[in-house]
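The values are calculated or read from the model by the stated rules, or taken from the named source; none is laboratory data. In this text, all values refer to a predicted model and were calculated from it rather than measured experimentally. Please note: Cβ atoms are built from the backbone with ideal geometry, for glycine as well, and neighbour counts cover all protein chains shown.
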Amino acid sequence: MDFGEQRMTVTSVRPDWGSLHGDVRSYVERRLAARVVEAIPCGGGFTPGVASRLRLNDGRRLFLKGMDAEHPFASQYEDEVAVTSVLPEGVGPRVVWSADPDESGGWWWLCLEDIPGTVPVLAPGSADTDMALAAVEQAGKLLTPSPLDGAKPIADLVGRWLTGWSTLSSQTLEDLDPWAARHLEALAAIEQDWQQGAAGSTLLHWDLRPDNMLRREEGTVVIIDWSYQNQGAAWIDPAVLVPYLILDGHTAAEAEAAVAHLPQPENPQTLTAFAAGLGGYWEKSSRRPAPPGVPFLRAHQVRAAEAARTWLRHRTGWE
């Protein structure tokens, strides 16, 4: 694959290498011990930091992520530096170097191996789906117990996020999906019950979706963008992937069957509650204004909320 050919679907607006202040570029090139001769911004993901595939004058190709520490999204880059740096070989991309704001003059930086590949398509019967699920299975095994000291319980991080139905139930919404409107109070009543089965020692990605994966040319999938310092039950990451299997063409039953060999909660109602939590989060978040530099996030959340409703209708049997 030619260096200029790999381009993902654009979902965020990122700064070009050439638009960065000269002092910022000089620091990076000192750390690279080479000059950047080509930088291709990668438009995938939903944060507006630097994310570019670099070609250097010594022939190397690397991937660079970075963000000014003063930016509102900077904490995600701080977390990604911490998490990616402790991942076992084969779980995530190899770290070449990283830097915190104190040493770099105010930026978080993460320089990684450049991985030629494509975003996997998680369609029914697709080899990509099998490879992606194999990567999730391997990650769950290698990240239990968590290799990250100080990883926080998953419920502490996202418990306050997955309360969307409770928030929406206090509002008058004429455009709410009719099925969700009929069952709004019931969804609000169960959306936090997943937390009872969330404790565990597995380092979790939390944001598993196809554009946070790359299918290598040799036929394996690597999970990228490890942006959260959290741990919990091993069933959570496979469950996060279910709506994206639905978005890529699986029925809800097919999506659940695809991950059935991966860890599952002991109580099936825990999974139903988690689906409710995800759906409510996406439904509520999709109604907010787009954050600066991320104009496509809300449209993504609209689609994700629809997939979560499909999953919920399957799991609850509610008409």
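For residues in the range 24-41 being surrounded by 14 or more Cβ atoms within 10 Å (Cβ to Cβ) and of a type in the set (Val, Ile, Thr), which is modelled with the lowest pLDDT?
40
With the condition kept exactly as written, say whether any residue in the range 108-125 is surrounded by fewer than 19 Cβ atoms within 10 Å (Cβ to Cβ) and free of Cβ contacts under 8 Å to residues at least 40 places away in the same chain.
yes
Restricting to the range 102-126, count the residues that are in contact with a Ser or Thr (Cβ under 9 Å, 6 or more places away or on another chain), part of a loop (DSSP other than H, G, I, E, B) and of a type outside the set (Gly, Ala, Ser).
5
I'd like the full set of residues that are aliphatic (A, V, I, L, M) and out of contact with any Ser or Thr (no Cβ under 8 Å at 6 or more places or on another chain), limited to the range 174-185. Before you say what the answer is, go through the steps one by one.
Start the filter on the range 174-185 by keeping residues that are aliphatic (A, V, I, L, M), which leaves 176, 180-181, 184.
Residues satisfying the conditions are 176, 180, 181.
Would you confirm whether any residue within the range 49-58 is within 11 Å of residue 227 (Cβ to Cβ) and buried (at least 21 other Cβ atoms within 10 Å of the Cβ)?
Our first condition is that a residue be within 11 Å of residue 227 (Cβ to Cβ); within the range 49-58, this holds for 49.
Filter once more, keeping what is buried (at least 21 other Cβ atoms within 10 Å of the Cβ): 49.
Yes, there is a match, as at least one residue in the range 49-58 is within 11 Å of residue 227 (Cβ to Cβ) and buried (at least 21 other Cβ atoms within 10 Å of the Cβ).
Quick one: is residue 303 more than 22 Å from residue 65 (Cα to Cα), under 17 Å from the mean Cα position of the chain (by Cα) and surrounded by fewer than 17 Cβ atoms within 10 Å (Cβ to Cβ)? Show your work before the answer.
Values: more than 22 Å from residue 65 (Cα to Cα): yes; under 17 Å from the mean Cα position of the chain (by Cα): yes; surrounded by fewer than 17 Cβ atoms within 10 Å (Cβ to Cβ): yes.
Judged against the criteria, residue 303 is a match.
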